[in-house]
1. Whether any residue in region 101-113 is surrounded by 20 or more Cβ atoms within 10 Å (Cβ to Cβ), within 13 Å of the chain's Cα centre (by Cα), of a type outside the set (Val, Ile, Thr) and closer than 19 Å to Ile3 by Cα is what I want to check.
2. Out of region 58-107, which residues are away from the ligand (no atom under 15 Å from the Cβ), in contact with a helix residue (DSSP H, G or I) (Cβ under 7 Å, 6 or more places away or on another chain) and over 20 Å from Pro18 (Cβ atoms)?
3. Take region 17-32 and flag every residue that is within 16 Å of the ligand (Cβ to nearest atom) and either more than 16 Å from Phe98 (Cβ to Cβ) or out of contact with any Ser or Thr (no Cβ under 8 Å at 6 or more places or on another chain) (or both).
4. Scan region 80-91 and report the pairs whose first residue is of a type in the set (Val, Ile, Thr) and whose second residue is away from the ligand (no atom under 16 Å from the Cβ) and part of a loop (DSSP other than H, G, I, E, B), with Cβ atoms within less than 9 Å and a gap of 6+ or a chain change.
5. Evaluate region 18-28: report whether one residue or more is part of a loop (DSSP other than H, G, I, E, B), out of contact with any Lys or Arg (no Cβ under 7 Å at 6 or more places or on another chain) and touching a residue at least 60 places away in the same chain (Cβ under 8 Å).
6. Go through region 33-72 residue by residue and tally those that are free of Cβ contacts under 8 Å to residues at least 12 places away in the same chain, surrounded by fewer than 13 Cβ atoms within 10 Å (Cβ to Cβ) and within 13 Å of the chain's Cα centre (by Cα).
7. Go through the residues of region 19-26 one by one and say whether even a single one is surrounded by 15 or more Cβ atoms within 10 Å (Cβ to Cβ) and in contact with a Pro (Cβ under 7 Å, 6 or more places away or on another chain).
Amino acid sequence: MPITDEELIAAAAQALNPRQLADGSWVADVGAALEAVDGQIFTGASIGGYLAVCAEQSAFTQLVSTTSPRIRRVVAVWRDPADGVLHVLPPCGRCREFMRVLDQANLDAQVILGPDHTRSLAELLPLPGWHAEAVERSRG
Ligand SMILES: [Zn+2]
């Protein structure tokens, strides 16, 4: 039986372990969870700094080591240190493209944006791919 969105959010929260590195950047302050099409769950945590790795990408490294890069659902969370409240975060633009490039079918994946709020990756990435439009005529 598939897990609920709430359970996937809880799995992402389990990946949180926020702490600050010597250079001031944060690690594991964002956690993510993915549900593969075969039902397996993978989690990951962010690595901050100027060479940052998003939590979603971290979770994908676990996914591709085990199964196909195609997912059903994805969620990322962050807990506000000021009040301890857990928040769902939308994937950044790089992660949206990253998920699409790994498998075009991921455009059908559901991105959890809140307790009762999901959108397909296609809705969050309405013009996927890189389009080169000529601005001049062929010289040949
Ligand atoms: Zn990202």
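1. If we filter region 101-113 for residues that are surrounded by 20 or more Cβ atoms within 10 Å (Cβ to Cβ), which is where we start, we get 106, 109, 111-112.
Now restrict to residues that are within 13 Å of the chain's Cα centre (by Cα): 106, 109, 111-112.
Checking the rest, the ones that are also of a type outside the set (Val, Ile, Thr) come to 106, 109.
If we keep only those that are closer than 19 Å to Ile3 by Cα as well, we get 106, 109.
Checked against the condition, which is being surrounded by 20 or more Cβ atoms within 10 Å (Cβ to Cβ), within 13 Å of the chain's Cα centre (by Cα), of a type outside the set (Val, Ile, Thr) and closer than 19 Å to Ile3 by Cα, region 101-113 yields at least one hit.
2. Across region 58-107, the qualifying residues are Pro69, Arg70, Arg73, Leu107.
3. From region 17-32, those within 16 Å of the ligand (Cβ to nearest atom) are 25-32; that's our starting set.
Matches in region 17-32: Ser25, Trp26, Val27, Ala28, Asp29, Gly31.
4. These pairs meet every condition: Val88/Pro115.
5. Of all residues in region 18-28, those part of a loop (DSSP other than H, G, I, E, B) come to 18, 21-25.
Next cut, out of contact with any Lys or Arg (no Cβ under 7 Å at 6 or more places or on another chain) only: 18, 21-25.
Then keep just the ones that are touching a residue at least 60 places away in the same chain (Cβ under 8 Å); that gives 18.
Yes - at least one qualifying residue is present in region 18-28.
6. Counting residues in region 33-72 that are free of Cβ contacts under 8 Å to residues at least 12 places away in the same chain, surrounded by fewer than 13 Cβ atoms within 10 Å (Cβ to Cβ) and within 13 Å of the chain's Cα centre (by Cα) gives 0.
7. Of region 19-26, the ones surrounded by 15 or more Cβ atoms within 10 Å (Cβ to Cβ) are 25-26.
Subsequent filtering for residues that are in contact with a Pro (Cβ under 7 Å, 6 or more places away or on another chain) retains 26.
Yes - at least one qualifying residue is present in region 19-26.
Residues checked against (1) within 20 Å of Ala10 (Cα to Cα); (2) of a type outside the set (A, V, I, L, M); (3) at pLDDT below 95:
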{"site": "Ala32", "(1), (2), (3)": "yes, no, no"}
{"site": "Phe42", "(1), (2), (3)": "yes, yes, no"}
{"site": "Ala45", "(1), (2), (3)": "yes, no, no"}
{"site": "Glu56", "(1), (2), (3)": "yes, yes, no"}
{"site": "Ala59", "(1), (2), (3)": "yes, no, no"}
{"site": "Arg70", "(1), (2), (3)": "no, yes, no"}
{"site": "Ala76", "(1), (2), (3)": "yes, no, no"}
{"site": "His87", "(1), (2), (3)": "yes, yes, no"}
{"site": "Pro90", "(1), (2), (3)": "yes, yes, no"}
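The values are calculated or read from the model by the stated rules, or taken from the named source; none is laboratory data. Model, not experiment: these values are computed from the prediction. Glycine gets a Cβ as well: all are built from the backbone with ideal geometry, and neighbour counts include every protein chain shown.
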